[in-house]
Structure formats: structure tokens, C-alpha cells
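To keep things clear, I will list the structure first and then write my remarks on it.
None of the figures in this text is laboratory data; all of them are computed from the coordinates on show. Keep in mind that what you see is a predicted model, and the values were worked out from it rather than measured. No Cβ is skipped: glycine too gets one built from the backbone with ideal geometry, and neighbour counts run over all protein chains shown.
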Amino acid sequence: MSTYCLAEKMKRLEALGINLSVYDNKEGLLMPREDGFLVHESFENRFSVILKMPIRPDVAVVLASSGKEKKLTRLANFSSDGHYLTVRNISTHMTGFGSTTKPPDNSFKVISTADGILRVFEIGIATRSYEDMGCLHFLTVQEVYTGQLHFDEALQKVMVPAEEFAGYQNWLSLRELVAEMVDKDSLPRSVTPAPKPLPPVVGSNRGRVLFFNASTGLGLVKLAGDQIAGLHWTKINLDVPFPYVETGEEVEFSTSYTEKGFLKIADVKPALKPA
């Protein structure tokens, strides 16, 4: 499924009791469309994403710094009627086409350890700029990482299987935060990994999406023969305002090479199924 559906993405947040609303300093409350579209603006602006959720220790709202360490910092919140309220302000910046939001400053993360499952959600305001339409701003919600939590007796650390979340071991700031959010004595001492292997693809111009980040518009595609190619949203050929591909989706594309011999892919779209 290539069409981005905000309601489907929101269901997992809502299962944690989390609700989102978005305001801007000119229009006030914005009601996102099914594809996440918020507003068409070409001037500098500021969005406020307001998150409301029950007061609970197994959910944290954080900012992630750029760079290799990706240090996590909890966002301040305040209580109201038994709920936490957290506000994330996201500003736009002027470009040749108008205004845009800049990753990673256009997003924040929700970390959940509910039911012994680590879930990392990314929430952001993404801009897609077009010569004929100008700047379109979208609300994006995406579960970017998932893994079963357990306490590793040998390491004396709260861990998730590498087969489910390969980067967890090296994300020190996330491991420290998760350790604060869980009772290690309540966790199992081992789990059976449940990876989701990607089926192989056949054909020189076919591949499978390893991941695609909705807020940054960047992703990776695994080609036949295990070659990996980067993907930018402008290279997705879909007649929709918010081009998007799902992790695990099979796609087809055209290829070319840079002057230095690096592979490029373009005209990316869902692969046609055999008749």
C-alpha cells in the first residue's frame, strides 16, 4: 500500500491513549486530511503539535539530536485532568519555493514500553514543495522501530532482539531511557525473536523498500543482488501530493549512474503484479 493513510498510522498511538492536535499561528486549529495534509502555505510560520495522553510511566515524549549519537531529551509536559499535555513547536524556513520544515527539527518521538514491547513513533510536520503548487505541509505519524523487551542476565541490561531492532544495542540514549521506564524484574529473561524477513525480488529494475521515513522523505531500497540504493521522495512517481512507499513494499524504477559510478534510482512506483 503506497498511499499514506494518517488514520491508520494514528490507531497505534490511540491504543496508548494518545491524541494529537495541530495549530498554527495564523489559521489556529488545523484538521488534517486522510493523507495528513494540513495547510498550503508559502510564508514563514510556526506549527504547534499538542499531544494529550493519560499520565503513565511507560510512555515518554522526546527529542532526538542529529548525528550518530541521537541523544534523547524528554520534552517538558504538564498535567491537566489526569492527563499529560506536551507541546512541540515546529517552525518553517524560507526557501526558493516558499517555506519548508527542516529535519530533524520538524519531528519528535514517542517512546512506549507498554506490554513489554518497545515502540518508537516519529511525529512530524513534513513539507513537500512543487513548482506549480508551492509548499504543502503534512502531519506525519510513523512507528519506526519495534522490539520485544527482555532482561539479558549476561549483559545485565534491558535489551531487544537484534533481529527485530538491529540498532538498539548501539543507541545508548534510548537504552538508558528504556531502563528508566521499565521494571526489569517484570521482564522475561529471554524471548524468541520475531523478525520480519523481506521476500527477495527478481528483476534488474525491481527492489524492496527497507524503510521510508515520512517526515524526512528519505529511505533505502534493497535491489536484486542485495545492492542498496537511497531514495528521496522526489523520485517517487505517484500522482498524489504526498508521495510515500511502505517498508517491505516491492517497487520498480529506472536506474542511472553518477559520474563517479554510483547507482541512482528514479521513477519509483509500486511494482506491477504478474497477470
(message) Given the DSSP H assignment, sum -39500 (n - 2.57) over each helix run of at least 4 residues in the chain and divide by its residue total; what's the result at 222 nm in deg cm²/dmol, nearest 500?
(response) -2000 deg cm²/dmol
(message) Below 8 Å between Cα atoms, with a sequence gap of 6+, how large is the relative contact order for the chain in percent?
(response) 15
(message) Within a 10 angstrom radius of the beta carbon, how do Ser204, Ser2 rank from fewest other beta carbons to most?
(response) Ser204, Ser2
(request) With a point put 7 Å past each Cα toward its Cβ, work out how far Ser256 is from Ala194 in nm, to one decimal. (result) 4.4
(request) Once you have a ≥ b ≥ c as the square roots of the Cα gyration tensor eigenvalues for segment 19-82, tell me rounded if a/c is under 1.5, and otherwise prolate or oblate according to whether a/b is larger than b/c. (result) oblate
(message) I need to check one value: relative contact order of segment 162-228, counting alpha carbon pairs closer than 8 Å and at least 6 residues apart, in percent.
(response) 22
(request) Rank-order 74-84, 45-55 by packing density, defined as the average count of other C-beta atoms within 10 Å over each peptide's residues, highest first. (result) 45-55, 74-84
(message) So for each of 253-263, 161-171 I average, over its residues, the number of other beta carbons within 10 Å; can you give me the resulting order with the highest mean first?
(response) 161-171, 253-263
(request) Only Cα pairs under 8 Å and at least 6 apart count here; give the relative contact order of segment 45-185 as a rounded whole percent. (result) 20
(request) Scan (1) 39, 22, 13; (2) 31, 28, 16; (3) 46, 18, 17 for the value of semi-axes √(5λ) of the Cα gyration tensor in Å calculated from this model and give just the label. (result) (2)
